[in-house]
Amino acid sequence: MSKPDVVVVGGGWAGLAAATRLVQAGAGVTLFEQSKELGGRCSSFYDPDFGEWLDNGPHVFIGAYRAALGLMDVWGAIDGIDFDGGREIPFIYPDGREERLKIGGKGGAIAALASLMSFKGMPLRDRLKTARAVRALMRTEKIDPHSEPTVAEFLSRYGIGESECGGFWNSLTVAVMNAPPRLAGLSPMIRGIREGLISGGSGSRLGKPIKPFQQLYIEPAKRYLLDKGVEVRTSEGAKRLLFAGDNRIVGVETSKRRIETDKVILAIPPVHRHSSAGDGMLSTAEGQQQFVLNLLPDRWRNDEFFSRFRSFRFTPIASVHITFDRAVLRDPISLFPGAFTHWAFGRGEDEGNGWSRISTITSNAPGKNEMTTDEIVERTLSDLRERLTGVKSAEVKHIRCVRTLAATVLLEPGSELIRPDAKTPINGLYLAGDWCATGLSATIESAARAGETAAEEAVGS
Ligand SMILES: Cc1cc2nc3c(=O)[nH]c(=O)nc-3n(C[C@H](O)[C@H](O)[C@H](O)COP(=O)(O)OP(=O)(O)OC[C@H]3O[C@@H](n4cnc5c(N)ncnc54)[C@H](O)[C@@H]3O)c2cc1C
């Protein structure tokens, strides 16, 4: 194996973004991914019971995801995202009542505010309070991470309690931050709302993948990289970074070889995330996770730059895939305010042959010690029966719950002090991942931007 200009460790969105940007800059790249497949936390697995590929959980793409959508374009995969159904979000309440929030209209923030004001999912008094809070969010310039409030603390200044506004703020916060208002820090929430919901136009539309991730972007990205001469080595994890002296990278030791290089991008999680193996749960490549800290020698592991990563906490997501014997969902994406289940995504139907598939998401889901997988499935079905009339009489043909116990970092107040830039104090070592200092919540877009930034730093240095 010849000496690559840059080694990328990790084949999730951040690693794929880094590798793509590196080849665009003319660099020779080798990418190591410890799992059998690429994709990381945005991946698929073949389910013999369903007889097809299922995603670890449905993901929403926002029109404002410029880096992620730019990559999809480069990989020839952009047609796999459907933005057409994402101009309105139906909020479905326990009695089956439905109120639609219009998004993605022309006219930017003003139109977004007008749309909020006409949204009947909250009483007029709550709409007025919400509009005041949104206007304040738009005017907030920079938040000092030392005194950053939670989203709940910010809302309380506008007289909004967590469960008020028909569950609007809770739904929005868990969707953007994978954490409830009482835990989520305000900074990434502001960025998310500004770049997404209230940016107006196509930037605020919601996009839904029309095929499983494996076919949607993983195979196209791999094809693109192989085509550009990248060595993509799956089932081969990095075990250790190799140094010359104290702070210069000279290579990587993987499970199969030692490879020389003077530049490495670690596009992997910062610290250990608890495994979701066991308890009948399906784990998504987490069982044998490596992480930044344990690839480093002690001297660096205890250095201030890296040791602060130990303060990161993580928050789970649970997803339930269900095949019913009939159609039960009208819209491609629906939101259930105040429910245990936050979203439901339509995944195809064939009324003639008697089936429809939906996938649900519960963000900031209960951990392994709080709820069993069976209990999660029961709660999800009970939410669906309560809110979707068609489900009451429908028969469940297949059901599968996927829990990702450490789905994203929990971005609490002050977390901008822990999130690192791509450049590290070690010569030749760069970091990427949704948890890095992008200012965004931990999403595909944050991972993609962090990957591109790390690549630019690596080739620019
Ligand atoms: C169920 C679920 C739903 C989500 N919904 C959304 C959504 O709607 N919208 C959105 O934008 N985001 C969503 N996210 C978040 C999104 O999936 C992540 O932000 C993104 O995938 C993170 O990418 P990453 O590259 O930073 O990390 P990862 O995807 O974790 O990639 C890291 C990769 O590195 C590999 N690795 C680790 N250690 C080593 C090693 N030593 N050697 C080699 N390889 C290694 C891992 O196997 C993994 O493939 C969701 C996440 C989950 C779990």
## Note on the structure
In the set TRP75, TRP53, the lone residue that is away from the ligand (no atom under 12 Å from the Cβ), modelled with pLDDT under 95 and under 30 Å from GLY203 (Cα atoms) is TRP53
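Could you grab me the full set of residues in the stretch 377-436 that are of a type in the set (S, T, N, Q), away from the ligand (no atom under 13 Å from the Cβ), in contact with a strand residue (DSSP E or B) (Cβ under 8 Å, 6 or more places away or on another chain) and open to solvent by 10 Å² or more (accessible area, probe 1.4 Å)?
Answer for the stretch 377-436, where residues must be of a type in the set (S, T, N, Q), away from the ligand (no atom under 13 Å from the Cβ), in contact with a strand residue (DSSP E or B) (Cβ under 8 Å, 6 or more places away or on another chain) and open to solvent by 10 Å² or more (accessible area, probe 1.4 Å): THR424, ASN427.
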### Query
Where in the stretch 214-257 are the strands (runs of 3 or more DSSP E), entirely inside, with at least 2 residues that are of a type in the set (Lys, Arg)?
238-244
### Query
Which one of the conditions (1) open to solvent by less than 20 Å² (accessible area, probe 1.4 Å); (2) in contact (Cβ under 8 Å) with a residue 40 or more places away in the chain; (3) more than 17 Å from the chain's Cα centre (by Cα) does PHE243 fail to meet, given that it meets all the rest?
(1)
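From the list ASP84, ASP55, which residue is within 28 Å of HIS398 (Cβ to Cβ) and surrounded by fewer than 18 Cβ atoms within 10 Å (Cβ to Cβ)?
ASP84
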### Query
Can you name every residue in the stretch 412-461 that is more than 14 Å from the chain's Cα centre (by Cα) and of a type in the set (D, E, K, R)?
GLU412, GLU416, ARG419, ASP421, LYS423, GLU452, GLU456, GLU457
### Query
Are there any pairs with C-beta distances below 7 angstrom linking a residue in the stretch 428-444 that is assigned by TED's automatic domain parsing to the domain that holds ASN178 to a residue that is more than 10 Å from the ligand (Cβ to nearest atom) and modelled with pLDDT under 95, with the two at least 6 apart or on different chains, and if so which?
none
### Hits in the stretch 344-376 (condition: open to solvent by 80 Å² or more (accessible area, probe 1.4 Å) and within 23 Å of GLY207 (Cα to Cα))
GLU349
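For the stretch 255-262, does any single residue satisfy the condition of being acidic (Asp, Glu), within 11 Å of the ligand (Cβ to nearest atom), at pLDDT 95 or above and out of contact with any Leu (no Cβ under 6 Å at 6 or more places or on another chain)? Talk me through it step by step, then tell me what you get.
We begin by selecting, within the stretch 255-262, every residue acidic (Asp, Glu); these are 260, 262.
From what is left, the residues that are within 11 Å of the ligand (Cβ to nearest atom) are none.
Checking the stretch 255-262: not a single residue is acidic (Asp, Glu), within 11 Å of the ligand (Cβ to nearest atom), at pLDDT 95 or above and out of contact with any Leu (no Cβ under 6 Å at 6 or more places or on another chain).
Yes/no matrix, rows are residues, columns are (1) surrounded by fewer than 22 Cβ atoms within 10 Å (Cβ to Cβ); (2) in contact with a Pro (Cβ under 8 Å, 6 or more places away or on another chain):
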{"position": "ALA175", "(1), (2)": "yes, no"}
{"position": "ALA184", "(1), (2)": "no, no"}
{"position": "ARG191", "(1), (2)": "yes, no"}
{"position": "GLU219", "(1), (2)": "yes, no"}
{"position": "GLU231", "(1), (2)": "yes, yes"}
{"position": "THR234", "(1), (2)": "yes, no"}
{"position": "GLY237", "(1), (2)": "yes, no"}
### Query
Is it the case that some residue within the stretch 22-30 is closer than 20 Å to LEU431 by Cα, within 12 Å of the ligand (Cβ to nearest atom), open to solvent by 20 Å² or more (accessible area, probe 1.4 Å) and part of a loop (DSSP other than H, G, I, E, B)?
no
### Task
From (1) touching a His at 6+ places or on another chain (Cβ under 6 Å); (2) modelled with pLDDT of 95 or more, pick out the condition that doesn't hold for LEU226.
(1)
## Note on the structure
Within the stretch 35-47, residues being near the ligand (Cβ under 7 Å from one of its atoms) and open to solvent by 40 Å² or more (accessible area, probe 1.4 Å) number 1
### Message
Can you find, within the stretch 272-320, the residue that is surrounded by the fewest Cβ atoms within 10 Å (Cβ to Cβ) among those that are among the β-branched types (Val, Ile, Thr) and at pLDDT 50 or above?
### Response
ILE317
### Task
Specify which of the listed residues (GLY70, GLY39, GLY11) is on the phi < 0 side of the Ramachandran plot, modelled with pLDDT of 95 or more and in a loop (DSSP other than H, G, I, E, B).
GLY11
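The values are calculated or read from the model by the stated rules, or taken from the named source; none is laboratory data. Please read all numbers here as calculations on a predicted model, not as lab measurements. We place every Cβ from the backbone using ideal geometry, glycine too, and count neighbours over all the protein chains shown. Just so you know, the surface numbers come from the protein's heavy atoms only, side chains and all, with ligands and any DNA or RNA stripped out. Shrake-Rupley method; radii C 1.70, N 1.55, O 1.52, S 1.80 Å.
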